[in-house]
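Shown next, in structure tokens, is the structure this report addresses.
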Amino acid sequence: MSETAALPTVDDAVALGLTRDEFAQVIEKLGREPNDVELAMFSLLWSEHCAYKHSKKLLRTLPTEGPRVVMGPGENAGAVDVGEGLAVAFKVESHNHPSAVEPFQGAATGVGGILRDIFAIGARPIALLDSLRF
């Protein structure tokens, strides 16, 4: 006799960071209720860290084009012309969860992502900041 595990509930989804509406979207996309693994995957993929589901609205309000914008959104980092043949590269990295759980290692992960993306556009870092917000 096989015992079937109970499927996750909307409360399980909320505990993983999904909203009730997002749980309904998961069910609609799958055409059925998700199992534990599927729910965990959706919660990760739709998290702020991966999908910027809360930040996207705010980020869209910022200017992205102009005479001094060398590299705008969509690249690893942004760059702005500051004159005399120089540009300043900027990068923001979100690692709130790992930083909340283990501040030193979480900050190291965030700073590592910033360095990676600054180097990826051919720039050289001169300063770093890991601002923890959780």
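The values are calculated or read from the model by the stated rules, or taken from the named source; none is laboratory data. In this text, all values refer to a predicted model and were calculated from it rather than measured experimentally. A quick note on method: Cβ atoms are made from the backbone with ideal geometry, for glycine too, and the neighbour counts reach across all protein chains shown.
Below are the figures for this structure:
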| quantity | calculated |
| --- | --- |
| Failed item, numbered, when residue 35 is tested on (1) modelled with pLDDT of 95 or more; (2) among the polar types (S, T, N, Q); (3) surrounded by fewer than 11 Cβ atoms within 10 Å (Cβ to Cβ) | (3) |
| Within the stretch 46-90, tally of residues that are more than 17 Å from the chain's Cα centre (by Cα) and hydrophobic (A, V, I, L, M, F, W, C) | 11 |
| Only one of 17, 74, 83 that is under 22 Å from residue 110 (Cα atoms), among the small types (Gly, Ala, Ser), without any contact (Cβ under 8 Å) to a residue 40 or more places away in the chain and in the same structural domain as residue 114 (by the TED database) | 74 |
| So residue 18, is it surrounded by 15 or more Cβ atoms within 10 Å (Cβ to Cβ) and either of a type outside the set (Asp, Glu) or farther than 25 Å from residue 112 by Cβ (or both) | yes |
